[in-house]
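Note sheet for the following structure.
The values are calculated or read from the model by the stated rules, or taken from the named source; none is laboratory data. Please read these numbers as outputs of a predicted model, since none were measured by experiment. We place every Cβ from the backbone using ideal geometry, glycine too, and count neighbours over all the protein chains shown.
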Amino acid sequence: MQQYPSLLLERAVDEFSELPGVGRKTALRLMLHLLRQTPEAVDEFADAVRKARHEIKHCTVCHNISDTEICPICRDTRRDSGLLCVVENIQDVMAIENTQQFFGKYHVLGGVISPMDGVGPNDLEIDSLVERVREGGVREVILALSSTMEGDTTNFYISKRIKDFDVKVSVIARGISVGDELEYTDEVTLGRSILNRTALDT
C-alpha cells in the first residue's frame, strides 16, 4: 500500500481518485502538480470548481446545463424549434453540437431506461418531453440515444408516449456501431447519423 508523507496529501489523493477514470497514481500526480503551483493559482482552480458546482444550473426547458435559467440554445431564435433532438446526457449535446450539423433544439433525458440499474421512466425527463410535444410547435422528435438495449428500450417507450401527437419520430442512422456511446463517436460519423436519420419503426 502506498505510503504518504502527509495525511493532507493522502486525503486529497483519496478525493481525486473518486473522479471517473482517475486512479490513485493519476490522483497523486495531479496533487503533486498542484503543490508545485502558486497558492494563488491553486485558489483559482479550487474557486472555479466550487463556483461551477454551486452556480451552474439546469435549463428549465431542455435540462442542459447553463449559467442561466434558460440555456443559450433554447434562447436562440435562429435555431429550428420544430426539430427536437432527444439525448441521454449533457455530453451528448456537446458531441452533437461539435458536428455543426444540427440546428434544432434539445431535450436531455438524464439517462436511459435500465431496469437492471434501477432506472425507470419516472427517473428520467420523459414527462417533460411529452409536455413539450403536447404544447405544439414540434414537428419532429429525433431520438439520438446510444444504440444499446437500454437506448432502444427508451426509444420504444418514448415513441409510445408521443404516438398520439402529430409529430414525426426518427432515430439517428446506425452509422454508429451497436453498443457505442454517442460521446465517444467521431464527429463526422455522428454528424452523418444526424443528417441521415430514419423514421422509428415501432
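Here is a check on your reading of the model: is residue 54 surrounded by fewer than 12 Cβ atoms within 10 Å (Cβ to Cβ) and either at pLDDT 95 or above or assigned to a strand (DSSP E or B) (or both)?
On the way: surrounded by fewer than 12 Cβ atoms within 10 Å (Cβ to Cβ): yes; either at pLDDT 95 or above or assigned to a strand (DSSP E or B) (or both): yes.
So residue 54 passes the test.
What number of residues within region 103-157 are in contact (Cβ under 8 Å) with a residue 40 or more places away in the chain and at negative phi? If you could, list the steps in order and put the result at the bottom.
If we filter region 103-157 for residues that are in contact (Cβ under 8 Å) with a residue 40 or more places away in the chain, which is where we start, we get 105-110, 112-113, 125, 128-129, 132-133, 137-146, 151, 153-157.
Okay, now just the ones that are also at negative phi, so 105-109, 112-113, 125, 128-129, 132-133, 138-146, 151, 153-157.
The total comes to 27.
Only helices (runs of 4 or more DSSP H) wholly contained in region 72-185 count here; list those with 1 or more residues that are over 23 Å from residue 56 (Cβ atoms), at pLDDT below 95 and touching a helix residue (DSSP H, G or I) at 6+ places or on another chain (Cβ under 9 Å).
It comes to 90-99, 149-161.
Tell me yes or no: at least one residue of region 24-44 is at pLDDT 95 or above, small (Gly, Ala, Ser) and under 29 Å from residue 145 (Cβ atoms).
Taking every residue of region 24-44 in turn, none turns out to be at pLDDT 95 or above, small (Gly, Ala, Ser) and under 29 Å from residue 145 (Cβ atoms).
May I ask you to verify whether residue 117 is more than 19 Å from residue 169 (Cα to Cα) and surrounded by fewer than 22 Cβ atoms within 10 Å (Cβ to Cβ)? Outline the logic, then answer.
On the way: more than 19 Å from residue 169 (Cα to Cα): yes; surrounded by fewer than 22 Cβ atoms within 10 Å (Cβ to Cβ): yes.
Considered against the rule, which asks whether it is more than 19 Å from residue 169 (Cα to Cα) and surrounded by fewer than 22 Cβ atoms within 10 Å (Cβ to Cβ), residue 117 comes out as yes.
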